[in-house]
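Peer 1: Okay, handing you the structure first.
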Amino acid sequence: MSTQSLFTESIEYLKEPSNPAQVADSAGSWQRHHNLPSRYYLDHFNEFLSVIQKRYRHVLAEEHQQFIADFASLDPGAQCLYVRMLNRQGVLFDSRKLRYAEIPDTPAQLVTLEKQRFCAGLERQDAEQWLPLITRQKLMDFIAMQCSSGSFRRSWPKPALLEFALIHLDFSHPSIQSEMLFYVRQLRCAEMEYLLFLYFGKAEQSLGKFTLRDLGVMRTGAFKKDFQPRFETREDAQSSWFYCQRLRDLPMQTDTECVSQARSVSNWIPAIGEQSMMMRDQLLFRLGERLEKIDQQALALDVYSYSDAWPATERKVRLIFSSGAKESAEAALMAMIDDPSCDDELLFARDFYQRKYQKKRTSKVTDILRDAKLLELDESFRDNPEQGVAAYYRSKGATTYFAENRIWKSLFGLIFWPLLYENERAGLFNDFEKRPRELDDGRFYKAFSQEIERLLDAIADPIWTKKKLV
């Protein structure tokens, strides 16, 4: 009998009657408490798919289009159960716990999802992911059935027991097989992850933001109503997804895997589009950082050399200088000063050049601090220097306000609001985004240089500025 058939038979267990009130309380009390429809999550998912089909059909591959079509063909109960699995952590689930008041006949829905390749029973290769899901007591029972009492200790913590079990257990043992048959694996995860990436522009795991929006926790829709697609071509989208996945996976990689990835940089797919290039530069910098931490400076320098963006350029110069190649480092610094990619790069290049090649003893930041005006405050303001500064200037006849550094961000936002949020070219792609892409990738001035210069000229007129800000 096939594993799929065994799985189908095993879920007959779920047909045992349960207490309806208990099921309703565990699965539906949260929605009722917050005044959400019982199938709010399905509404969110259909809204999400509607946006994907409207804005991103041109970047969908055949498997993504098939995913959407197959999901649409499911009955509402099966759709609800699949979305419920999507919104839970992981991809393996105990089918005995997939009980929701608004979903009728869970066993039948699981069979439907299995037939449509949205879920499947577990195989032997799933054991490593499955074992951590069972209780410590059940794990102990399996070990005791197959291993002598002297080969392990019951006092071991669960991680030690898991390590022992993966080495010594026979997963074809009937007791283990019968338990594994109650579990299901969510399928078609790659398709779903790609669709989430198209919508959010980053690696997302669920549609939780939609729920927060409906609860009023997350404010949305205040800036734009008509959104353009994030990607113009399929190549652009797939290139960005390639680098997004690697950025997501890098923190979990071993040192050996990082070294292997660094040696394959030349084989990475080309970065197409602004978002893809920004992600590629981020990946190169973070990979280089990781290599430096494991004393792979030469390989880190090689990785940094593939990027023209700060802070990878800074790390590259520092490593070149540390290696003794001072002429090469100087040439790189001069190139950065002549054509900096951002203000941070220019500040670093000037400061480093002056200290290393012109024998300047202090950094620019130190100079600024030394040249700053010193105020003598009363001893009573020892623990409240901000209040002391305010009192000092009030004594001079000035009106003072406590604003931290928000004043500059506020002025920036008010002056450039039409470009950031009202312009049709503004880089906002859904209701949940508040920070235009041009501010993240450093292209704001490049994208709106003429408009920005006109606004900066207008600021010189105090009447215009007051009208703009008040």
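Where a number appears in this text, it was derived from the coordinates with a stated rule and is not lab data. Everything numeric in this text was worked out from a predicted model, so none of it was measured. All Cβ positions, even for glycine, are placed from backbone atoms using ideal geometry, and neighbour counts span all protein chains on display.
Peer 1: Show log10 I(q)/I(0) for the chain at q = 0.12 Å⁻¹, two decimals, from a solvent-free Debye sum over equal Cα scatterers.
Peer 2: The Cα Debye sum returns log10 ratios of -1.25.
Peer 1: Out of the GluC sites (Glu not before Pro) in the stretch 99-155, which ones are loop residues according to DSSP with at most 14 other C-beta atoms within 10 Å?
Peer 2: Qualifying residues, ordered by number: 123.
Peer 1: Which value, in debye to the nearest 20, describes the size of the charge dipole of the chain about its Cα centre when Lys and Arg Cβ atoms bear +1, Asp and Glu Cβ atoms bear -1, and nothing else is charged?
Peer 2: That gives the chain a dipole magnitude of about 1000 debye.
Peer 1: I'd like the distance separating the alpha-carbon centroids of the stretch 234-301 and the stretch 444-470, in whole Å.
Peer 2: Here the two parts' Cα centres lie 39 Å apart.
Peer 1: In percent, what relative contact order does the chain have, based on Cα pairs under 8 Å that are 6 or more apart in sequence? Before the final figure, lay out the partial values.
Peer 2: Details: 416 pairs, mean separation 60.9, N = 470.
Once normalised by length, the contact order is 13 percent.
Peer 1: Let me have the relative contact order for the stretch 308-372, percent, based on Cα pairs under 8 Å that are six or more residues apart.
Peer 2: 27 percent
Peer 1: Would you mind computing, in nm to one decimal, how far apart the modelled labels at residue 120 and residue 190 are, each placed 7 Å from Cα along Cα→Cβ?
Peer 2: Roughly 1.2 nm, to one decimal.
Peer 1: Summing -39500 (n - 2.57) over the DSSP H runs of n ≥ 4 in the chain and dividing by its residue number, what mean residue ellipticity at 222 nm do you reach, to the nearest 500 deg cm²/dmol? Kindly include the intermediate steps, with their values, before the conclusion.
Peer 2: Working: 25 runs with 273 residues, N = 470.
After summing the helix terms and dividing by the residues of the chain, the value is -17500 deg cm²/dmol.
Peer 1: Still on this structure, I have one more. Can you spot the lysines whose alpha carbon is less than 27 Å from residue 293's alpha carbon? Ignore those fewer than 8 places along the same chain.
Peer 2: Once the sequence-local lysines are set aside, what remains near residue 293 is 202, 316, 326, 356.
Peer 1: Using amide H atoms built in the peptide plane, which far-off residues or other-chain residues are under 5 Å from residue 119 H to H?
Peer 2: 114, 187
Peer 1: Return the long-range amide H neighbours of residue 101 (sequence gap of 5 or more, or a different chain), with a cut-off of under 5 Å between placed amide H atoms.
Peer 2: Hits under the 5 Å cutoff: 27, 28.
Peer 1: Are there GluC sites (Glu not before Pro) in the stretch 367-459 that DSSP puts in a loop and that have at most 15 other Cβ atoms within 10 Å, and which ones?
Peer 2: 376, 404, 424
Peer 1: Oh, and also: State the volume of the convex hull built on the alpha-carbon positions of the stretch 118-204, expressed per residue in Å³ and rounded to an integer. Display every interim value, and only then the final one.
Peer 2: On the way: hull volume 9.6 nm³, N = 87.
Cα convex hull per residue, to the nearest whole number: 111 Å³.
Peer 1: At 0.36 nm per residue, and after removing the present C-alpha to C-alpha distance, how many nm does the segment from residue 461 to residue 137 gain when stretched out fully?
Peer 2: Additional length available on full extension: 109.1 nm.
Peer 1: For the stretch 344-383 and the stretch 136-186, what is the centre-to-centre distance using only Cα atoms, to the nearest Å?
Peer 2: 61 Å
Peer 1: Mind listing the phi-derived Karplus ³J(HN,Hα) values for the stretch 40-50, rounded to whole Hz, using 6.51, -1.76 and 1.60 with θ = phi - 60°, and x for any glycine or proline?
Peer 2: Calculated HN-Hα couplings, in order: 4, 5, 6, 4, 4, 5, 5, 4, 4, 5, 4 Hz.
Peer 1: When you take every Cα atom in the stretch 308-372, what is the radius of gyration, and what is Dmax, the widest Cα pair distance, in Å?
Peer 2: 11.8, 36
Peer 1: Using only alpha-carbon positions, what ratio does the radius of gyration of the stretch 97-138 give when scaled by 2.2 N^0.38 Å?
Peer 2: Normalised Cα radius of gyration, the stretch 97-138: 1.45.
Peer 1: Please identify the trypsin sites (Lys or Arg not before Pro) of the stretch 112-156 that satisfy two criteria: DSSP loop assignment and at most 15 other Cβ atoms within 10 Å. Which are they?
Peer 2: 117, 153, 154
Peer 1: Continuing with the same structure: Could you list, bin by bin from short to long, the percent of Cα-Cα pairs of the stretch 322-470 in 5 Å steps?
Peer 2: The percentages, shortest bin first, are 1, 7, 10, 11, 12, 12, 14, 14, 11, 5, 2, 0.
Peer 1: Along the charge dipole of the stretch 222-295, pointing to its positive end and built from +1/-1 on Cβ of Lys, Arg, Asp and Glu, which listed residue (239, 227, 271) has its Cα farthest out?
Peer 2: Selected residue: 227.
Peer 1: Give me the three principal axis extents of the stretch 222-295 from the C-alpha atoms, as integers in angstrom, largest value leading.
Peer 2: 49, 29, 16
Peer 1: Using the beta-carbon distance between residue 38 and residue 399 and R0 = 56 Å, what value does 1/(1 + (r/R0)^6) give for FRET efficiency, to the nearest 0.05?
Peer 2: 0.50
Peer 1: What does the convex hull of the Cα atoms come to per residue for the stretch 403-469, in Å³? Don't jump to the answer; show the numbers that get you there.
Peer 2: Working: hull volume 7.4 nm³, N = 67.
Hull volume over Cα atoms, normalised by residue count, gives 110 Å³.
Peer 1: Against the longest alpha carbon principal axis of the chain, how many degrees, from 0 to 90 and to the nearest 10, is the axis of helix 76-86 turned?
Peer 2: Relative to the chain, helix 76-86 is tipped by roughly 60 degrees.
Peer 1: What longest region of the chain stays clear of chymotrypsin sites (Phe, Trp or Tyr not before Pro) that DSSP places outside H, G, I, E and B and that have at most 13 other Cβ atoms within 10 Å?
Peer 2: 1-400
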